[in-house]
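In what follows, a structure is listed as C-alpha cells, so that the remarks can point back to it.
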Amino acid sequence: MSSAFEIIISLEVQAELLTKSKMFCSCPNSFGQKPNTNICPVCLGLPGSLPVLNEKALDLALTAALALNCEVSSFSRFDRKHYFCPDLPKAYQISQYEFPIAKNGYLDIIKEGEKIRRIRIDRLHLEEDAGKLQHDGSASYVDFNRCGVPLMEIVSAPDLRSPEEARLFLESLKRILLYTGVSDCKMEEGSLRCDANISLRPAGSREFGAKVKIKNMNSFKAVQKGLEYEAARQEKLLSARNVVYQETRIWDGERGITLEMRGKGEEKDYRYFPDPDLPPLDISPGRVERVRSALKLRAGEVY
Amino acid sequence: MNYYYKMSVAEAARALQNKEITSKELTESVLERIEEVEEDIRGFVTLLDGDEVLLEAEKIDQARVSEEPLPHLAGIPMALKDNLCTRGVPTTCASKMLQSYCPPYDACVVEKLKESRTILMGKANMDEFAMGSSTENSAFFTTRNPWDTTRVPGGSSGGSAALVAAGEVFFALGSDTGGSVRQPASFCGVVGLKPTYGLVSRFGLIAFASSLDQIGPLTRDVRDCAMVMEIIAGHDPRDSTSAPKEKEKYTEYLGRDIKGFKVALPRDCFTEGLDAEVKKVVMGAVGKCTALGIEVEDVSMPHMQYAFPAYYIVSTSEAFSNLARYDGVQYGYRADGAGNFVSLYKKTRSGGFGQEVKKRIMLGTYFLSSGYYDAYYLQSLKARTQIREELQKVFRDYDFIVTPTSPTVAFQVGEKGDDPLTMSLSDIYTIIANLAGVPAISIPCGFVGGMPVGLQVMGRPFEEGRIFQFCYALECLLGVRNQLPETGVKRGGTVV
C-alpha cells in the first residue's frame with residue numbers, strides 16, 4: 001500500500017453467546033448435531049409459536065457491553081428485520097435496530113513498538129441466528145438447528161487504519177469475550193463471525209470513500225488477508241481513476257480474492273418495526289450493577 | 001330427538017354433575033343437531049369423527065360413575081376457531097396456504113380446555129387468516145347465519161358464532177383483532193367477549209396482528225362466558241405479552257348488585273352510519289339500565305375518528321410481518337414448478353393466499369417501507385396512545401362504555417362483496433377496544449326484522465368480572481339469553 005491512500009475499516013462482529021439454551025426457546029444451544037434434530041415450534045417459527053427471551057443472553061450481552069466500556073441503554077427493545085431466505089423460517093430475524101442494548105464503547109489495541117490505539121465501538125445488540133443452507137446439485141436443503149442461537153453483534157466505528165489493526169482488534173475482542181465467558185469465539189465453527197467495511201481515501205482527505213462490505217472471512221488470518229487484498233484492489237481502481245462501487249463482496253480464501261456478491265448499489269429494505277411479541281428489555285440499574293460486580297476482568301485489564 | 005343441545009353450558013354442567021344426563025347423551029344430541037342443520041350452516045371446517053368423540057364422552061361418563069373428581073365443564077362439546085393450533089387436527093386458518101397443515105402442538109387455550117375435559121367437536125370456519133367480517137373470505141366456503149341462512153354470520157369468527165347459535169356446540173372460542181368475536185356474536189345473537197390484552201395466552205393462536213389479537217369465548221349467555229373465561233384466562237410464561245395476573249372466579253360476580261354503576265354513551269357512536277332500527281333497539285336497552293339504578297351519560301370521544309386509520313395501519317403492518325413465514329419451504333401449500341427460491345416464494349404466496357389477505361399484506365408492506373414508516377406506522381402508534389388515553393379518561397368517571405356492537409344487523413351473503421370499505425366500517429365500534437387493549441363484550445339486546453342486535457360493553461383493563469356483573473343483570477332485565485333460532489325449518493328467510 002502506497003502512502004497516497006488511507007485505509008478506513010470498521011468491523012461488524014457477531015459472537016454466539018455461551019447460553020445453555022437458545023435465545024427464545026428452550027432448545028439446547030449446541031453445535032454439531034444431526035440436521036434438524038435440535039428444533040422446536042418456536043425456533044422453527046411454526047404458526048402460533050411465540051418467543052420468550054432467555055434472560056441469560058441479556059446478561060451476557062450486558063457483560064460484554066460493560067467489558068467494552070459501552071453506555072448501557074436504559075431503554076432497549078427488539079425489532080423484526082424482514083427478508084426472505086429459506087434458512088430464516090419466520091422470514092424475519094428478531095434483532096435490534098433503533099434501540100440497541102449498548103452504545104459508544106471502546107477497545108484498546110496495541111501494535112508492537114507503538115502506542116495504544118483506542119478503537120471506538122458504535123453499538124452492541126442482540127439478535128437470533130438463522131439456519132444453514134446446503135446445496136447438492138439441483139437440490140437445496142435447510143438445517144434449522146442453528147435457528148434461534150443467541151448472537152451478539154458488535155459494530156466498531158470506522159477507526160481501524162489497516163488490515164493488521166483489524167486483526168488486532170478481533171484478537172483483543174476475542175480475549176475479552178473468552179475471559180468474560182460471553183462467547184467461546186471459535187471462528188472455524190462460526191461462533192465468532194466478522195464482516196468488514198473497507199474504503200480508501202486520499203491521504204489527508206477528511207471525506208470517506210465508497211465502502212465495500214467483505215463477508216466470509218472465517219479466520220483471523222483471513223480477515224487480514226481479505227482486507228489486504230481488497231485494499232489493494234481498491235487502490236488499483238482509484239489509482240487508475242476508476243470508481244469503487246458500494247457493494248458487498250465475498251472473500252474466496254482458496255483463490256485469495258474477493259468476488260462480487262450482491263448487485264451494486266442494491267439497498268435492501270428490511271422494514272424494521274418493533275416486535276409486538278416481546279416487551280422492551282428489562283435493563284434496570286440494579287441488573288446492570290449485578291452484572292458489573294460479576295464481571296471479573298475489564299477490557300483494559302486483559303493485557 | 002332430544003333437546004339437550006338447547007341447554008346452556010351451566011345447565012348442561014349441572015345436569016351432568018347431578019347425573020340427570022350423561023355426556024354421551026349430550027354429545028349424541030349435539031351430533032344429531034349437527035346432522036340436522038350443518039348442511040345449511042356450514043360452520044365446521046373440520047368435523048371430528050363422531051365415534052371418537054362419543055368414545056371420549058363415554059370415558060368421562062365412566063369417570064363420573066366411579067366418582068372420580070372431574071373439572072366443572074367435563075363432557076361438554078365445544079368448537080375452536082380454525083386459527084387455534086390443535087395437535088394432530090388440521091388447523092387451516094381457512095386458507096389454501098394451510099389447508100393440509102397439522103400442528104405438532106396444542107395452543108395454550110386448547111391445553112386448558114383439554115385439561116377441563118371439554119369435548120372438541122371440530123374446527124370452526126372463519127375469514128382467511130381472520131381477515132374479514134363475514135366468513136366470505138374463507139378459502140373454503142361461507143358459513144350461514146342460523147337466524148337467516150341467506151345472511152352472513154359475521155366474522156372473522158363467524159363459524160364459531162354460528163355453531164353456538166345453531167346449537168351445534170355449547171360454546172366456542174374465537175379470536176378478536178378488531179371485533180372478530182364481538183361482531184359475529186352480535187350477528188348471531190350470542191355472547192362474545194374480547195378479554196383484556198394479555199389476559200388469555202396467545203401461545204398457539206396463529207397470529208394476524210400480534211398487538212391486537214386476543215382469544216375470547218362465544219356462548220349463549222353471560223354466565224357461560226364467565227365460566228369459559230375461568231378456564232382459559234391466566235398467565236402463561238410462553239407468551240411474553242401474557243399478564244402476570246392471579247386467576248379470578250368470574251362467576252362470583254354474577255348476581256351482585258349493580259346499583260351505582262356509571263355508564264358512558266359516546267355520542268360519536270350514535271351518529272351517521274348507524275342503522276336507525278338498530279339504534280332504537282340499543283337505546284331501548286340502555287334506557288332500561290336506568291331502571292336498575294344505573295347512571296347513563298353522554299360523553300364525547302373525539303379521538304375515535306383516528307381509530308379506523310390507526311387500526312388499518314397497525315393491523316396490516318403486523319400482518320405483513322406475521323404472514324411472511326408462509327413461503328412453501330417448511331409446511332403448508334407449496335406451488336409447483338418453481339425453479340429457484342424467488343419463484344418458489346412468488347408462486348406459493350400468489351397461489352396460496354386469497355385476495356383480501358394479499359391486499360392487507362401489500363398495505364402493510366407499503367406502510368413499513370423505508371421513508372413511509374414515520375408517516376404511517378409511527379403516526380398510528382401515536383393515535384393509538386391518544387385513543388388509549390381518551391378511554392382511560394372516560395374510565396376515570398365511568399365504569400363502562402356502551403355502544404352498539406355493529407351499525408347494522410347481519411347483511412346478506414354477497415351483499416358487500418364488492419365494497420370492502422363498507423364491510424370494514426362495520427368494525428368501527430369494536431376496533432377501539434383492541435387498540436386500547438381493554439375488555440369488551442357483545443350481548444344480545446333485541447331484534448330488528450327477526451335478526452339479533454348486539455350491545456357492546458367496554459370496561460377497564462382486567463375488570464372482566466365487573467363486565468359480567470353488569471351484563472348478567474342487563475341480560476336478566478332484557479330477557480334475551482340462550483335463544484336459538486328455528487334453524488332447520490327456516491330457509492332463505494322464510495319458513496318452508
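So for the pair A:Ala157, B:Val65, with labels modelled 7 Å out along Cα→Cβ, what separation do we get in nm?
Result: 8.1 nm between the two label points.
Sequence-distant or interchain residues sharing an amide H contact under 5 Å with B:Val296, placed H: which?
Residues meeting the amide H criterion: B:Val263.
Just to confirm, what accessible area per residue do you get for chain B at 1.4 Å probe, in whole Å²?
Values: 17390 Å² over 496 residues.
That works out to 35 Å² per residue.
Using only the C-alpha atoms of the range A:5-269, find the volume of their convex hull and express it per residue in Å³. Let's see the in-between values first.
Working: hull volume 39.8 nm³, N = 265.
Output value, Cα hull per residue: 150 Å³.
At 222 nm, what value in deg cm²/dmol follows for chain B if DSSP H runs of at least 4 each add -39500 (n - 2.57) and the sum is divided by all its residues, to the nearest 500? List each step's numbers first, then the result.
Working: 15 runs with 179 residues, N = 496.
Mean residue ellipticity, 222 nm, calculated: -11000 deg cm²/dmol.
Quick check: pseudo-label points 7 Å beyond the Cα along Cα→Cβ at A:Ser30 and A:Glu114, how many nm apart are they?
Spacing of the two 7 Å Cα→Cβ label points: 4.4 nm.
Only helical DSSP H runs with n ≥ 4 go in: add -39500 (n - 2.57) per run for chain A, normalise by residue count and round the 222 nm mean residue ellipticity to 500 deg cm²/dmol. All intermediate terms of the calculation are to be shown ahead of the outcome.
Numbers: 4 runs with 60 residues, N = 303.
Theoretical 222 nm ellipticity from helices: -6500 deg cm²/dmol.
Please work out how much accessible surface B:Lys358 shows to a 1.4 Å probe, ignoring ligands, DNA and RNA, in Å² rounded to 10.
Using a 1.4 Å probe on the heavy atoms, I get roughly 50 Å².
Which of the lysines could a cross-linker bridge to B:Lys416, judged by Cα under 22 Å and excluding same-chain residues fewer than eight apart?
Excluding near neighbours in sequence, the set is B:Lys279, B:Lys358, B:Lys359.
Once the Cβ-Cβ distance between A:Arg201 and B:Glu246 is put in as r, and R0 is 51 Å, what FRET efficiency do you end up with, to the nearest 0.05? Show your work: numbers first, answer last.
Numbers: r = 63 Å, r/R0 = 1.24.
Efficiency at R0 = 51 Å is approximately 0.20.
Accessible area per residue, 1.4 Å probe, Å², for the range A:1-52: what's the number?
Working: 2130 Å² over 52 residues.
It amounts to 41 Å² per residue over the range A:1-52.
Going by amide H atoms built from the backbone, whose H comes under 5 Å of the H on A:Asp108, apart from near neighbours?
Those qualifying (amide H under 5 Å, at least 5 residues apart or on another chain) are A:Ile119.
Which of the residue pairs A:Lys90/B:Lys346; A:Lys34/A:Lys211; A:Lys81/B:Lys123 have a Cα-Cα distance greater than 28 Å in the structure shown?
On the way: A:Lys90/B:Lys346 16 Å; A:Lys34/A:Lys211 39 Å; A:Lys81/B:Lys123 33 Å.
Flagged as over cut-off: A:Lys34/A:Lys211; A:Lys81/B:Lys123.
Considering only protein heavy atoms, with the full assembly of protein chains and a 1.4 angstrom probe, order A:Met261, B:Met304, B:Met458 by accessible area, largest first.
A:Met261, B:Met304, B:Met458
Expressed as a whole percentage, what fraction of the accessible surface of chain A belongs to carbon and sulfur atoms when a 1.4 Å probe is rolled over the protein heavy atoms? Spell out each step's value before the answer.
On the way: 6800 of 13870 Å².
Within chain A, the accessible surface is 49 percent carbon and sulfur.
Output the residues of the range A:77-125 meeting this criterion: accessible area (heavy atoms, 1.4 Å probe) in the chain alone minus accessible area with all protein chains in place is 20 Å² or greater.
A:Arg80, A:His82, A:Phe84, A:Pro86, A:Pro89, A:Lys90, A:Ala91, A:Tyr92
Of all trypsin sites (Lys or Arg not before Pro) in the range A:12-109, which ones are in loop regions per DSSP and have a Cβ with at most 11 other Cβ atoms within 10 Å? The partial results should precede the final answer.
Numbers: sites: A:Lys20, A:Lys22, A:Lys56, A:Arg77, A:Arg80, A:Lys81, A:Lys90, A:Lys103; in loops: A:Lys20, A:Lys22, A:Arg77, A:Lys90.
Here the sparse-neighbourhood loop sites are A:Lys20.
What's the center-to-center distance, using Cα atoms, between the range B:275-348 and the range B:91-149 in Å?
Between the Cα centres of the range B:275-348 and the range B:91-149 lies a distance of 17 Å.
Tell me the accessible surface of B:His235 in square angstrom (1.4 angstrom probe, heavy atoms of protein chains only), to the nearest ten.
Surface open to solvent at B:His235 totals about 90 Å².
Given Cα positions, please report Rg to Rh for the range A:1-140, the hydrodynamic radius being the Kirkwood one. Provide the component values of the computation, followed by the final result.
Values: Rg = 18.8 Å, Rh = 17.8 Å.
Ratio value, two decimals: 1.06.
Where the convex hull is taken over the Cα atoms of the range B:302-433, what is its projected area averaged over directions, in nm²?
Working: hull surface 44.5 nm².
Spelled out: convex hull of the Cα atoms, projected over all directions, averaged, 11.1 nm².
Show me, for the range A:20-37, the HN-Hα J-couplings you get by feeding each phi into the Karplus relation (A = 6.51, B = -1.76, C = 1.60, θ = phi - 60°), rounded to Hz, glycine and proline as x.
Couplings: 6, 10, 5, 6, 10, 8, 9, 4, x, 8, 9, 10, x, 7, 4, x, 6, 10 Hz.
Given a 1.4 Å probe and every protein chain left where it sits, what share in percent of the accessible area of chain B is carbon and sulfur?
On the way: 8800 of 17390 Å².
That fraction is 51 percent.
Which residues of the range B:69-109 end up with at least 10 Å² less accessible area in the presence of all protein chains than when their chain stands alone, using a 1.4 Å probe?
B:Tyr101, B:Pro104, B:Tyr105
So which chymotrypsin sites (Phe, Trp or Tyr not before Pro) in the range B:1-78 end up in coil per DSSP with only 16 or fewer other C-beta atoms within 10 Å? Intermediate values should be presented prior to the final figure.
Numbers: sites: B:Tyr3, B:Tyr4, B:Tyr5, B:Phe44; in loops: B:Tyr3.
When the chymotrypsin sites (Phe, Trp or Tyr not before Pro) of the range B:1-78 are filtered for loop state and at most 16 Cβ neighbours within 10 Å, B:Tyr3 remain.
In Å², what does the accessible area per residue of the range A:112-158 work out to with a 1.4 Å probe? Could you put the intermediate results ahead of the total?
Details: 2290 Å² over 47 residues.
Using a 1.4 Å probe on heavy atoms only, each residue of the range A:112-158 averages 49 Å².
Could you order B:Thr385, B:Thr251, B:Thr135 by accessible surface area, starting with the largest, using a probe radius of 1.4 Å?
Heavy-atom accessible area, descending, gives B:Thr385, B:Thr251, B:Thr135.
Under a 1.4 angstrom probe, counting protein chains only, how are B:Phe447, B:Phe203, A:Phe31 ranked by accessible area, largest first?
On the way: B:Phe447 80, B:Phe203 20, A:Phe31 120 Å².
Sorted descending by solvent-accessible area, the residues read A:Phe31, B:Phe447, B:Phe203.
Short version: which residues of the range B:286-334 lose at least 40 Å² of accessible area, all chains versus chain alone, 1.4 Å probe?
When all protein chains are present, B:Phe320, B:Ser321, B:Ala324, B:Arg325, B:Val329, B:Gln330 each give up 40 Å² or more of accessible surface.
Please compute one quarter of the surface area of the Cα convex hull for the protein assembly as shown and express it in square nanometres.
Numbers: hull surface 152.1 nm².
Over every viewing direction, the Cα hull of the protein assembly as shown projects on average to 38.0 nm².
How many angstrom separate the Cα center of the range A:149-224 from the Cα center of the range A:1-35?
10
Am I reading the B/A interface right? What is its buried accessible area, both sides, 1.4 Å probe, to the nearest 100 Å²? Present the calculation step by step, with values, prior to reporting the outcome.
On the way: alone 18770 and 15300 Å², together 31260 Å².
Summing both chains' loss of accessible area gives about 2800 Å².
The values are calculated or read from the model by the stated rules, or taken from the named source; none is laboratory data. None of the values given here were measured: they were computed from a predicted structure. Note that we place each Cβ from the backbone using ideal geometry, even for glycine, and neighbour counts take in every protein chain shown. Only protein heavy atoms, including side chains, enter the accessible area calculation; ligands, DNA and RNA are left aside. Shrake-Rupley method; radii C 1.70, N 1.55, O 1.52, S 1.80 Å.
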